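These notes concern the structure reproduced below.
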Amino acid sequence: MVLQSLKNCLWLSCVLRTPKACFWSTTSGGLIIQSVSNDVYQNLAVEDWIHDHMDFEKQQVLFLWRNSPAVVIGRHQNPWQECNLRLLRQKNIKLARRRSGGGTVYHDLGNINLTFFTTRKKYERMENLKLIVKALKALRPQLDVHVTDRYDILLDRQYKVSGTAAKLGRTSAYHHCTLLCNADKFVLSSVLKSPYKGLRSNATPSVPASVKNLFEEDPSLTTEMLLDAIAKEYAMQRQMDHHINLINPADETLFPGISNKTKELQTWEWVYGKTPKFSISTCLNMAYKDSVLDVRVNMDVKHGRIEVCNIDLPEQWLPPGLYSELVKSLTGSKFCPNETTALVTTLLRVCPQDDELHSRWSLLCENMIMLM
Amino acid sequence: VCFHRVRSCSSIRFIKSKYVCVFDKSALKFSHQQRLFRTSAVSCGQIVQFKLSDIGEGITEVTVKEWYIKEGDSVSQFDSICEVQSDKASVTITSRYDGVIRKLHYSIDDIAFVGKPLVDIEIDASKGVAPEEDVVETPPMSHEEHTHQEIKGHKTLATPAVRRLAMENNIKLSEVVGTGKDNRILKEDILNYLAKQTGAILPPSPKAEIVPPPRKTETVPAAPKDKAHKIPIPVSRPIAFSGKDKTEPVTGFQKAMVKTMSAALKIPHFGYCDEIDLTQLVQLREELKPLAELRGVKLSFMPFFIKAASLGLLQYPILNASLDENCQNVTYKASHNIGVAMDTEQGLIVPNVKNVQVCSVFDIAVELNRLQSLGSAGQLGTSDLTGGTFTLSNIGTIGGTYAKPVILPPEVAIGALGKIQVLPRFNGKGEVFKAQIMNVSWSADHRIIDGATMARFSNLWKSYLENPASMLLDLK
C-alpha cells in the first residue's frame with residue numbers, strides 16, 4: 001500500500017512544475033489516468049488541480065472519469081435558465097458549475113468524460129475529437145460518427161453523442177468532452193428543461209440537441225470498452241504503453257490542497273453565486289378564494305442574490321408595513337427557496353395573528369418561492 | 001524611456017542601494033540596476049497597454065465574462081485579470097506585469113479583440129518593462145528555498161523581484177508572513193521583516209510579548225556574507241499577525257434570527273429548571289427502537305418528550321396560548337403544534353409537528369424523521385415552519401446541562417433539554433443507584449404565565465417521563 005502511494009507521489013512530483021523539471025523514466029509523451037471516484041465535485045476538483053499544478057511540456061495527460069447523476073453547467077451559465085432546479089432537488093441530482101465554458105450537460109454513470117491536458121501552445125480540440133472518432137471506428141467500424149465544426153460528435157449525422165468545452169490558463173490548457181454510452185435519456189431530457197419563465201440574462205445559453213446513446217446503436221458497447229479503446233488510441237499516437245493509472249481525487253497527499261478545491265466547488269457562492277446578473281419579469285397567477293389574482297413580479301438578481309424586488313399587489317391586500325418588510329427581507333438575500341422560506345416564515349412570527357392575513361401571506365410566499 | 005521619466009520626477013529620491021544585482025542582466029531590458037524607494041504615494045510609473053494575447057485556433061474575438069480586478073487595484077505578475085469566453089472555451093487572462101490597473105477597456109459581455117488593449121497597467125517605476133517571455137531566473141546561490149517553496153505542500157507566492165530581495169538578504173521566504181492576496185509575500189513584507197531584525201525602522205511594541213524560542217538565530221545561514229547584518233538576539237519579538245477584520249452584511253438565516261430575537265426581547269422571560277430521571281425511559285426506548293426500525297423509522301427520545309409535553313398542555317392550556325400585540329387578549333390554541341429546534345448548515349430553523357394532541361408516539365417519530373431529512377436537505381416548506389404553538393429545543397444532543405432558551409413569538413413558552421448523564425442518585429430505600437439524568441430549562445412569558453403554572457406543568461411532564469407507563473392512562 002505504502003509503496004504504491006510512494007510510487008504515485010514520485011511520478012506525480014516529477015511532472016509538477018518545478019524549475020528543475022525532471023521527468024519519470026518512461027520516455028512516453030503521455031500519461032493516462034482514471035478517477036476511482038464518481039463524485040462530480042471531486043472529479044472537477046482534481047481536473048482543476050492537474051491544470052494548476054502539472055507541467056505538460058514533456059508529457060501530456062488524458063484523464064478519464066464518470067459521475068453519478070449530476071447536471072454540470074458551464075462557467076458563465078445561469079442554472080435557472082438551463083435546468084429544472086426543483087426536479088434536481090427532488091431527485092437528489094447534484095448541480096455543479098465547471099470552470100470551462102460551454103453549455104449544460106447531464107452526467108450519469110452511462111456517460112464518460114475525457115479531459116485532454118496539454119500546454120497552451122499545443123491546445124488543439126479537433127485533433128482530440130478526431131482521436132475519439134478514430135477509436136470508436138476501430139472498435140466498431142460500422143458506427144457512423146463524425147466531428148462537426150461546432151466540436152460536437154454526431155451519430156448517424158443527426159444525434160449528438162458528445163459535447164465539448166475547454167479551459168485555457170497561462171501556460172496550460174484542457175479540452176474536455178462527454179461521450180454518451182448508456183445514459184438515462186428520460187432523466188436527461190426532463191432535468192435539462194427549465195420551467196422558469198420571464199428570465200432575461202446574458203449568460204451563455206445552451207444549444208439544445210437531440211441526443212442518442214451509442215448503446216442504442218450497438219447494445220454490445222459498454223463504458224469500459226469505450227474507455228479502453230480511447231486510451232489505446234491515445235497511447236498509440238504517442239508511442240506509449242496504454243496502461244491506465246488509477247487515481248483517487250480525495251487523496252490529499254497526492255493532490256495537496258484538493259479538499260479545499262472540492263469544497264469550493266460545492267459552495268453556494270460558486271454554484272449559484274457565479275451566475276451573471278439576470279432579471280425576472282413574470283406574472284404570478286394566484287387563485288385566492290373565488291378569484292384569480294394576477295401579480296406582476298420584477299426582480300434583479302446579481303451574484304445569486306436579489307438586488308431589486310418589486311411585487312405588484314392589489315392595494316391593501318397585505319398591510320403596507322408587512323409588504324415593505326417582505327421586500328426589505330428579500331433584498332440582499334440569496335435567490336434560494338430555502339433561505340426565502342426561512343425569512344418569510346420568520347416574518348409571520350412578528351405580524352398580527354390573523355388567519356386571513358396568514359393565508360394570503362402563505363399564498364404569496366409559496367408562489368414567490370416557486371420562482372426559485 | 002522609463003528611466004528618463006523617473007529622472008525628471010523630483011518627488012522621488014534616488015538612493016544608491018546596496019542591493020546591486022549580480023544577476024543575469026538579460027533579465028531586464030535596462031542595464032541600470034538601481035533600486036528606487038518611493039517616498040511619496042504618487043509614483044511616476046509608465047502606463048503600459050496590456051494587449052489581449054493570441055488565444056489559439058485562429059480566434060480573433062472573445063467575450064469578456066468576468067473581471068477579477070477593478071481600476072486602482074494593484075496586481076502582481078501572474079495574477080488573474082479577467083475571464084473571457086470564446087466558443088465553449090473559457091480563458092483566464094493573467095497579468096504580465098506588476099503594477100496598478102489604470103483602465104479597463106471593456107465591460108462585462110463586451111466583445112474583446114485579440115491584439116487590442118485589454119487593460120492599462122501602470123508599471124512600478126523600479127521594475128521596468130518585463131520581457132515578452134517568462135523568465136527562468138538562475139540565482140547565483142542554489143538555494144532551494146528561493147524558488148517555488150513547498151512547505152508541507154503549501155506554495156509561497158512571491159514575484160521574482162520579491163524573491164530576489166529576500167535572497168539578497170538571506171531571508172527564507174517561509175519565515176516571512178505574506179500580506180498580499182492569497183498570502184502572497186510583498187516587498188513591504190520583506191522590508192518589515194528586515195526592519196524587525198535590525199530594530200531600525202520600527203520601534204519595539206510596548207505590549208507584553210511572548211519570548212520566541214531561540215530557533216530563529218539558528219536558521220540564519222552561517223556562511224559569511226559581505227553585507228552581514230548584525231542581528232541581535234531578540235529578547236522579545238512581536239508575533240506577526242496579518243489577519244484582517246472582515247465585515248459582511250447580515251442576510252438570510254441570520255437576518256431571520258435577528259428579526260425573531262429582536263421581537264422576543266419584548267417578552268419578559270422567567271426561567272424554571274429541573275432534573276428528570278430518565279432511567280425507565282431509556283430502557284423503554286431500547287425495547288421499542290428495533291420495533292420502530294422494522295417499520296423503517298428512527299426512534300429517538302424526542303417523540304416521548306413531545307408527546308408528554310402535549311399531555312401536559314392539555315392540563316395547562318395557557319402554555320399553548322398566544323398574547324396579542326396590545327396584550328389585550330389571550331388566544332388558547334386548540335392544536336398542539338410543537339416546534340423542534342433544528343440545527344442545519346445554514347443556521348437555526350424550527351419546524352413543528354402538527355396536532356400532537358391526536359398523534360401517537362410513533363406518528364410523531366415518523367413526522368420527525370420527515371422534517372429532519374427535509375431540514376438537512378434544505379427543503380422544508382412554509383407550512384412546516386409556520387403555525388407552531390410551543391417549542392422544545394434538544395440542545396443536549398450537542399451538549400450542555402442547563403440553558404436559558406428564548407421564547408419564539410407568538411408563543412409563550414419554550415423548553416431546552418440538556419444532555420443525558422449517568423449520575424449517582426438515592427432511591428427510596430436510601431441506596432445509591434445509577435440514574436440517567438437529564439436537565440430541563442423552561443422559559444415562559446411572565447405577562448400571562450406565572451411560576452406556579454410553569455412548575456406544575458413541569459412536574460406533570462416530568463412524572464410522565466420518569467414513569468412512562470403513566471402516559472398510557474392519559475393517551476388519547
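Since every read-out is calculated from the coordinates, none of them should be taken as a lab result. Just so we're clear, the structure is a prediction, and the values are computed from it rather than from any experiment. Positions of Cβ are backbone-derived with ideal geometry, glycine not excepted, and every protein chain shown enters the neighbour counts.
For the residues A:288, B:97, what sequence is obtained by ranking on other C-beta atoms within 10 Å, fewest first?
Details: A:288 12, B:97 23.
Lowest count first: A:288, B:97.
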Distant alpha-carbon pairs in region A:278-371 (separation over 15 angstrom), percent: 59 percent
Cα pair count fraction exceeding 37 Å, expressed as % - chain A: 32 percent
Centroid-to-centroid separation of region A:332-360 and region A:280-294 [C-alpha atoms, Å]: 18 Å
Selected from A:55, A:184, A:251 as most flexible by GNM, with chain A as the system and alpha-carbon contacts under 10 Å: A:251
Fluctuation leader among A:89, A:349, A:360 - chain A, Gaussian network, Cα springs under 10 angstrom: A:349
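Tell me the net charge near residue B:459. Cut-off is 14 Å between Cβ atoms, residue B:459 excluded, with +1 for each Lys or Arg and -1 for each Asp or Glu. It would help to have the intermediate numbers written out before the result.
Details: positive: B:456, B:462; negative: B:274, B:275, B:277, B:466.
Summing Lys and Arg as +1 and Asp and Glu as -1 gives -2.
Using the 10 angstrom Cβ neighbour count as an exposure proxy, how do B:57, B:248, A:269 rank, fewest first? Don't skip to the answer; put the middle values down first.
Details: B:57 14, B:248 6, A:269 11.
Least to most surrounded, the residues fall as B:248, A:269, B:57.
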Rounded Å value of the spacing that divides the Cα centres of region B:301-337 and region A:148-174: 63 Å
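Could you work out the helix-only [θ] at 222 nm for chain A, with each DSSP H run of four or more residues adding -39,500 (n - 2.57) and the total divided by the number of residues, to the nearest 500 deg cm²/dmol? Walk me through the numbers before you get to the answer.
Numbers: 13 runs with 133 residues, N = 372.
For chain A, the value works out to -10500 deg cm²/dmol.
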Net charge, residue A:276 excluded, C-beta distance under 9 Å - Lys, Arg +1, Asp, Glu -1: +2
Mean Cα-pair separation over length for region B:269-473, i.e. relative contact order, pairs under 8 Å, 6 or more apart, %: 29 percent
Point-charge dipole on Cβ atoms (K/R +1, D/E -1) for region A:143-273, about Cα centre, debye to 20: 740 debye
Cβ neighbours within 10 Å from other chains - mean over B:383-393: 3
10 Å Cβ neighbours from other chains, averaged over peptide A:350-357: 3
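Considering only the other residues whose Cβ falls under 12 Å of the Cβ of residue A:133, what net charge follows from Lys and Arg at +1 and Asp and Glu at -1?
Working: positive: A:130, A:134, A:137, A:140; negative: A:127, A:144, A:152, A:233.
Once positives and negatives cancel, what remains is 0.
Order by neighbour count: A:127, A:356, fewest other Cβ atoms within 10 Å first, most last.
Numbers: A:127 13, A:356 8.
In order of increasing Cβ crowding within 10 Å: A:356, A:127.
Over region B:269-473, what is the percentage of antiparallel beta bridges among all DSSP beta bridges, to the nearest 5? Before the final figure, lay out the partial values.
Working: 27 of 33 bridges.
Once the DSSP bridges in region B:269-473 are tallied, antiparallel ones form about 80 percent.
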